[in-house]
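The values are calculated or read from the model by the stated rules, or taken from the named source; none is laboratory data. Keep in mind it's a predicted model, so treat the numbers as computed, not measured. Every residue, glycine among them, receives a Cβ derived from its backbone with ideal geometry; neighbour counts consider all protein chains shown.
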């Protein structure tokens, strides 16, 4: 237990910091990227923007940071039921991040290559072929986005439930995580199956509670892992740490 204490504190500090940085970067880069892909003609024009490929590789890194931060925090929950749920969430969040990373790699690299081929096309038939290829690629990108939302929503819901069971995080924050996760899960599944407007609305509605949960959980874990001698979010000292409880309420 004595050996686990410093490691757990370090993991919370690192996991919380990585989660906050990754989430902020993801939100910023997502705003710069814009909406989901539309038509081939529109997105080939978008792919000619400066820093298009850099924007996508940075987003992939941000997604990896979010997944790594959540995995670290989920692995450090103390209560037995919370620890089991945390490990389940870890197993879900990693493939979810990988799916979205593949989609962004295709959108950022393959689509940019098609945009170059479209501009260099010698005639109208070659340009039309590039547009048809772009439309098919965008179908793949949309599919990976919808699959990610489904998997990531499930992972967020499981991890938020684990944090709720652990009593290490405020209930209201865990409730926001559960809400965001379920909205992502249902919205992504509906979009994948039918591309419905209901699914799109649910997925958009998941962003605010999901982002608040990601930032809040990361920030509280960062504070809890503060070096000894600095004020932390735990008011109970060593006894609370052993019980795995934080007194944020």
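Taking each residue of region 175-189 that is without any contact (Cβ under 8 Å) to a residue 24 or more places away in the chain and looking for partners that are buried (at least 24 other Cβ atoms within 10 Å of the Cβ) with beta-carbon atoms closer than 7 Å, six or more apart or interchain, yields 178/160.
Do you know which residues across region 113-125 are in contact with a helix residue (DSSP H, G or I) (Cβ under 8 Å, 6 or more places away or on another chain), surrounded by fewer than 18 Cβ atoms within 10 Å (Cβ to Cβ) and in a helix (DSSP H, G or I)? Residue satisfying the conditions is 117 alone. Screening residue 152 against (1) crowded, with 23+ Cβ neighbours inside 10 Å; (2) under 14 Å from the mean Cα position of the chain (by Cα); (3) modelled with pLDDT under 95 leaves a single unmet condition, (3).
For region 214-232, the condition of being modelled with pLDDT under 80 and assigned to a helix (DSSP H, G or I) holds for none of the residues. Does residue 70 satisfy the condition of being crowded, with 17+ Cβ neighbours inside 10 Å, in contact (Cβ under 8 Å) with a residue 60 or more places away in the chain and in a helix (DSSP H, G or I)? When the stated conditions are applied, residue 70 passes them. Which pairs do you get when a residue that is more than 22 Å from residue 44 (Cβ to Cβ), found in region 86-111, comes within reach of a residue that is outside any helix (DSSP H, G or I) and at pLDDT below 95, reach meaning Cβ atoms under 7 angstrom, with the pair 6+ apart or on two chains? Sorted first by the residue in region 86-111, then by its partner, the pairs are 86/77. Any residue in region 145-165 that is in a helix (DSSP H, G or I) and free of Cβ contacts under 8 Å to residues at least 12 places away in the same chain? Taking every residue of region 145-165 in turn, none turns out to be in a helix (DSSP H, G or I) and free of Cβ contacts under 8 Å to residues at least 12 places away in the same chain.
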